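The numbers here are math on the coordinates, done by the rules we state, and not lab data. Treat the numbers as computed from the prediction; the structure is a model and nothing was measured. Every residue, glycine as well, gets a Cβ built from its backbone with ideal geometry; the counts of neighbours run over all protein chains shown.
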Amino acid sequence: MNVSEIADVLKQEQSMISHNLKPLIRCGFVLVERQWKERIYTLNEKIMKPVFQLIDQHTGTYCPGMKCPKNEICEGD
């Protein structure tokens, strides 16, 4: 997605999204590709997939009361 699309999905200011993407790109969590005049941002799956698997494994073991549909942020029961 480009910055505008990310801002729309997250319902945040575009400037805040741009500001927060910089360290994610620098650390390799997010990849950026230029397409014409815009930049397209994607998760670096090589890095992030194992991180998300570790988080899922941890919450499954240590947070048994959490019931959360995929792609949502939930709190424990």
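What nm distance separates the two modelled labels at LYS11 and LEU31, each placed 7 Å from Cα along Cα→Cβ?
Once both label points are built, they end up 3.1 nm from each other.
Just rank VAL3, VAL32, fewest to most, by other beta-carbon atoms within 10 angstrom. Could the numbers behind the result be given before it?
Working: VAL3 17, VAL32 11.
Taking fewest neighbouring Cβ atoms as first place, the list is VAL32, VAL3.
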